[in-house]
Structures are given as C-alpha cells and as structure tokens.
1. Please work out if Ser328 is among the small types (Gly, Ala, Ser), modelled with pLDDT under 80, in contact with a strand residue (DSSP E or B) (Cβ under 7 Å, 6 or more places away or on another chain) and under 30 Å from Glu535 (Cβ atoms).
2. Against the definition (in contact (Cβ under 8 Å) with a residue 24 or more places away in the chain, among the aromatic types (Phe, Trp, Tyr) and assigned to a helix (DSSP H, G or I)), how does Phe139 come out, yes or no?
3. So Ile257 passes all but one of these: (1) surrounded by fewer than 16 Cβ atoms within 10 Å (Cβ to Cβ); (2) within 58 Å of the chain's Cα centre (by Cα); (3) part of a helix (DSSP H, G or I); (4) not polar (S, T, N, Q). Which condition number does it fail?
4. Please verify whether Phe232 is among the aromatic types (Phe, Trp, Tyr), outside any helix (DSSP H, G or I) and either open to solvent by less than 80 Å² (accessible area, probe 1.4 Å) or modelled with pLDDT of 90 or more (or both), treating the condition exactly as stated.
5. Could you please let me know if Tyr373 is aromatic (Phe, Trp, Tyr), over 50 Å from the mean Cα position of the chain (by Cα), modelled with pLDDT under 85 and more than 30 Å from Glu283 (Cβ to Cβ)?
6. With respect to the numbered conditions (1) open to solvent by 20 Å² or more (accessible area, probe 1.4 Å); (2) under 30 Å from Arg119 (Cβ atoms), which one is the sole condition not fulfilled by Ala98?
7. Can you pull out the residues in segment 492-544 that are small (Gly, Ala, Ser), open to solvent by 10 Å² or more (accessible area, probe 1.4 Å) and over 26 Å from Val280 (Cβ atoms)?
Amino acid sequence: MSWGTELWDQFDNLEKHTQWGIDFVEKYTKFVKERSEIELNYARQIRNLSKKYQPKKKEEDDNKYTWCRAFHSTLNELNDYAGQHEVIAENMTSQIIAELTRYAQEIKTERKTHFHDGRKAQQQIEASWKQLESCKRKFERDCKEADRAQQYFEKMDADINVTKADVEKARQQAQMRHQMASDSKNEYSSYLQKFNQEQNEHYYTIIPNIFQKIQAMEEKRIERMGESLKTFAEVDRQILPIIGKCLDGITQVAESIEPKNDSSQVIESYKSGFEPPGDVEFEDYGQAMKRTVSETSLTNSRPDNKPDRSSKGKSKTLWPFIKKNKGSNPEDFSHLPPEQRRKKLQAKIDDINKDIQKEMDQRDALTKMKEVYIKNPQMGDPSSVDPRLAEIAHNIEKLQAEAQKFEGWLAEVEGRMPVKSDPPRRTSALYETQNSTPPTNNNNCAQDRESPDGSYTEEPSSEVQTKVQPETAESGDEFDDADEEMLPTIGTCKALYPFEGVNEGTISVTEGELLYVIEEDKGDGWTRVRRNEEEEGYVPTTYVEVFLDSNAKDS
C-alpha cells in the first residue's frame, strides 16, 4: 500500500500525523531519560545503604565471625549491584537518549524538506489551474463578443437605411471578433492540454514520490522506535549475568556461615581462663568461734584497724562484683582475664617480631648495597648508607627490648594460669576454736589475683604480711581486701531511695529493697550491705533505714 496513491488528497492529515510521530519520539526519549535518572538514584541509594552499614574500625574484630563476614561480603556485592544499575543508566543515555535526540533532529529536517516540496508542487498545480481558468474565461468572453458582433452585422446588413460603408465596417468587426474567439479557443485548448499533463504528473508522479519519501521516513521512524525498545530491554539484559554473579556471591557467603565455628569463636573471644569455684565448706557454729581467714585467702591475719573507706574507688567486695575500670587500658593488658591477656600479649609479640623482621630485611639489603658500593665506588658512596643502618640498628634494639618486655609478661601470665586438675575452692568465713590453726594456702593461682572484669594486680602489697604465708606478699592490696573472709550480718536495712552503684565497691539497690547489714557507718557516710552470699558493697547511709540486731548493739 502506497501513501501516494491511497492518500493523494490527505496532504494536511499526513502533515499532522508525521508531526505527531516526531512528538512521540521525543516523548519516548523523555521517558527513557527519566528511567535513567531512576536507575542512577536507585544506584546512589544502594551505595549509600551499603556504605552506611559498612563496619567501622571499632567493629573490625567482628570479622572473626562467619556471619559478620557474610554480611560484610553482602554489602560489597550490593555495592557492585549498584554499579550495574549505573551501567544501565549510562547505556540508556548513550545508546537510546543520545541516538534518539540526534535522530529526532534529523527526521524534523527531512520532514520539513518533504512537505516543503509537496507544498511547492501543490502551489504550482494551483497556479496552473488558475491560468487554465483565465484562458477559459477569456475564450468565453471572446465568443460572446464574436456573437454580439455577428448579430450587429446581420442587423446592419438587413437595414436599408444603413450605408454600405457602415455595413462593411460591421462585417469587418464581426470577422475580427470571430478571429479573436478562434485564437482564444486555440489558446484555451492548448493550455488545457498542458494543464492536464501537469495535473496527471502532479497526482501520479510528483505527489506519489513525495508521499513515498514521507512514508519511508515514517516507517524508518517506527523501525527506530522498535530498535530503541529492543535496546531498552537489552541494556537490562546485558547486566543480568553480573547481577546474577552478585546474587550468587551473596548466596555463597550465606552458605559459608558456620554456626559451630562462630560458637567456638565466642569461647575464644571471652574465655577468661578462670576455673569454676569449688564447693562451699561447712561453717560450724556449734563451738566457741573466732573470726579467721578462709582457706583460699591470701593472708591469715589482718590489721586491727579497718581500711580507709574514704576512697570509694577501691574495691571492697569479692572479685565477681568489681566494676570495670573505665580508664585507659594498661600496656600489659592486665585489665583482661588470663586467657584473653595471654592472647593479646602473644598477638603483640607476633606483631613486634614482624616489625623486627622487616627492619632486619632492610638492614640486610642496605648491607649488600654498601658492599657493592665498596667494591664499585663509582656506583655510590658506602658511607651514605651508614646513617640509615644506624637508625635500623637502633630500631631493632628498641623492638627487641619491647618484645622481651611483652615476653616477660606472657611468661608471667602463663605461669599463673590455673591448672584444670586442681580447681579452686570457694569458702566462706570460717569460725573455728581459738586453738585451731589457720590452714596454709599454697595454691596461689591467678584466680586469687584476677577479677572477671580483667583487673590484675602486679605491684607488691603494702599491707602487713603474715608470717605463715610470706609468698603472698606479691598480692595487691586491692585483692587483699577482696579475698577476706565473709563478714557476719549484724542487722538488716531497707532502701529508702534507688541507688546506682557505678563505682568500684558500691552496690546498686532499688527503693524498698531489703538487705543485710554487715558493717555499720564508720563516719564516712557509707554502710556496707549484702544482698546474697556473693553480692555485697557500700551504699550511702542516708539512702537506707538500718535495723541492727540487739546483740550487735550490745557489742
């Protein structure tokens, strides 16, 4: 089907239709541009999301768990996933938007040319038609004039009163008009033939050719639309394998999660090295009793005077309840439990040894360079290497001293690690007869000096040492208090207000809570209380209402 033969009289409608087609191309181009912007925004949001949940420096230790590593790998895959959506946007911009924008300009120019040619041909045929109409009207006028001239001649010829000269004049006038009519007829007939030829050429050659070009232009536009729609799908399809790899990567890291391994890592991370407490010994109250030290205490005698409680930061309770030190961590990792401390020290020693090896490698390389310079002075001055060699020697000496320091701490902590075959005993305060001899404790393991929050005391105690156990002099004064025998209760108290025991040696209480009093206020504003066998500490005296036992008051 050809537009030239079927739509020969639809010039205006074709002009509107082709303009609508170009508008549609521009509309589709705008659609792809907005889709491209959506892809870019989506990619940006995915990247921001991935960046937001990337582990911080303080969370780097989490990578020891497989589920953490899997999530971090998922974030990286998601970042690559976002990159593929950026590729979609880039390809749509270059392969569709840019191409269609350029093509729209070309088709506008081509359409303008075709319709200009069609309009020009239309104007020419219309002008030719007007010329034909003019010839036709002239022929009609000349024929009428010839008829009137003929009638006038016949009238003059029939009238006897008209002179012969007037009749001859009328005859000549009639002949002239007939000649003019004949000439007009010939001119009209000739131009009519010419117009018919032009009209036939216009409607069967010129217009069909122009419309055929317009039809080809329109079909090409439709074809380009189809190609663009196909490209629209292909741009997405091209990234599907990479998207699939990203998703496969997420699946693989998800399958790499090992719950048993992560569970073991928890043990490795938090294992303290302490042994569980042993059985509680029986306390015999049936005989005359006096306060003595427990079997697991580091000292068997204590000064008569009470410790100075004015410093609230000093621990007054057994080690399971000492608050964590919120200050900076010591260099020897003594704030950690034995097992964790051992691991940290070993890791530190390994790092130092690596640094030593690097320095030694540099020293060896420079030594070889110096030897080359000595043998070949033209290559360099051997003395130029000496400052760097001296610096490296100093660094190695410094690192070796540091390694020796940490190895000393490591040997110390390994020597104090508890033996599993000899679990510690948990004993409360023993009340024995005056003639009984306190047992000697030779099992001074790390538990006697460590708290589960990791505090560890290295300094020798300044407290008064016993003659029975001189080896306990290494114990810190802080834990000399921590390992004293459990004091008896001398009354009860009721908490009037809630108190948050955030400092070492204090205990948190809630309003209305009932506790046991084990030591009265000595004038410093603090009362020592016990919640149960293992929880005790100091609370402000003004926060509690104390009820002392009658025998305690008498004493």
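1. It is false that Ser328 is among the small types (Gly, Ala, Ser), modelled with pLDDT under 80, in contact with a strand residue (DSSP E or B) (Cβ under 7 Å, 6 or more places away or on another chain) and under 30 Å from Glu535 (Cβ atoms).
2. Working: in contact (Cβ under 8 Å) with a residue 24 or more places away in the chain: yes; among the aromatic types (Phe, Trp, Tyr): yes; assigned to a helix (DSSP H, G or I): yes.
So Phe139 passes the test.
3. Every listed condition holds for Ile257 apart from (3).
4. no
5. Against the criterion (aromatic (Phe, Trp, Tyr), over 50 Å from the mean Cα position of the chain (by Cα), modelled with pLDDT under 85 and more than 30 Å from Glu283 (Cβ to Cβ)), Tyr373 qualifies.
6. The one condition Ala98 does not meet is (2).
7. Selection gives Gly512, Gly523, Gly525.
Here's the yes/no breakdown for (1) in contact (Cβ under 8 Å) with a residue 60 or more places away in the chain; (2) under 20 Å from Lys136 (Cβ atoms); (3) outside any helix (DSSP H, G or I):
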{"position": "Lys155", "(1), (2), (3)": "no, no, no"}
{"position": "Ile160", "(1), (2), (3)": "no, no, yes"}
{"position": "Glu168", "(1), (2), (3)": "no, no, no"}
{"position": "Gln172", "(1), (2), (3)": "no, no, no"}
{"position": "Arg177", "(1), (2), (3)": "no, yes, no"}
{"position": "Ser189", "(1), (2), (3)": "no, yes, no"}
{"position": "Lys194", "(1), (2), (3)": "yes, yes, no"}
{"position": "Gln197", "(1), (2), (3)": "no, yes, no"}
{"position": "His202", "(1), (2), (3)": "yes, yes, no"}
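The values are calculated or read from the model by the stated rules, or taken from the named source; none is laboratory data. Small disclaimer: the values here were computed from a predicted structure and weren't measured. Methodologically, a virtual Cβ is constructed for each residue, glycine included, from the backbone with ideal geometry; neighbour enumeration extends over all protein chains shown. These area figures cover heavy atoms from the full protein model, side chains too; ligands, DNA and RNA do not enter into them. Shrake-Rupley method; radii C 1.70, N 1.55, O 1.52, S 1.80 Å.
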